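First the structure, in the form of structure tokens, and then the observations on it.
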Amino acid sequence: MNSELIIDHRSEANDSHLAEVDLAILRELSSDARISNKDLAARVGLAPSTCSGRVSALRSRGIIRGFHAQIDFEALGLHVFGMISVRMSPVGRSKMSDVIAGLLRAPETLDVFQVSGERDLLVHIATAHPTGLNSFIAEHLSDPRIAHTQTSLVFGHHCP
């Protein structure tokens, strides 16, 4: 993630406005979520106890939702990545949340994006072989609530 995106984009009138030190904490954690509290406190200019309290408050407020490992899926043998665009049927749109929940339960699913435009969803998946991609489509997207799908293979994923 590009840490320059971490600024408070909300209006000043918002009661939950973030202090600059909180934004600094978020920027540091976005770069290295494993940083020790002591090092984090030093980087943002706080005492360790104050820094720990601010991180706890950011978690309590739901601004920090978790800390995650970045996994190299190819190192696990997952070499086929797909982006599948999904257009729901008119009747299926009323049950889109059920379709999304089912897709999120599938172990191959990395992300599901609800989007505007011709498609309703983008589903990012990873499989070991092309047959896994085909099986995913047959098992999870052969649904009368889904009118159409289009699959694109992902050849590269680039992050800032």
Let me check I've understood the local charge: for H140, count other residues with C-beta under 10 angstrom from its C-beta, Lys and Arg +1, Asp and Glu -1. What total comes out?
-2
Amide H of I64 versus every other amide H placed in the peptide plane: which residues, excluding those fewer than 5 positions away on the same chain, fall under 5 Å?
R59
Give the accessible area for L26 in Å² (nearest 10); use a 1.4 Å probe, count only protein heavy atoms, and leave out ligands, DNA and RNA.
30 Å²
Part-to-part distance (alpha-carbon centres) for region 35-89 and region 116-140, which is given in Å:
26 Å
Can you run phi through the Karplus equation (6.51, -1.76, 1.60; θ = phi - 60°) for region 98-110 and list ³J(HN,Hα) in whole Hz, with x for Gly and Pro?
5, 5, 4, 4, x, 5, 5, 6, 5, x, 6, 6, 9
What do you get for the angle between helix 130-140 and the principal long axis of the chain? Use alpha-carbon atoms, 0 to 90 degrees, nearest ten.
90 degrees
Note down the accessible area of F113, probe 1.4 Å, to the nearest 10 Å².
90 Å²
Between helix 48-60 and the chain: long-axis angle, C-alpha atoms, 0 to 90°, nearest 10
30 degrees
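The values are calculated or read from the model by the stated rules, or taken from the named source; none is laboratory data. Every value quoted in this text rests on a predicted model; they were computed, and no experiment measured them. When we count neighbours, we look across all protein chains shown, and the Cβ atoms used for this are built from the backbone with ideal geometry, even at glycine. With ligands, DNA and RNA removed, areas are computed over all heavy atoms of the protein, side chains included. Shrake-Rupley method; radii C 1.70, N 1.55, O 1.52, S 1.80 Å.
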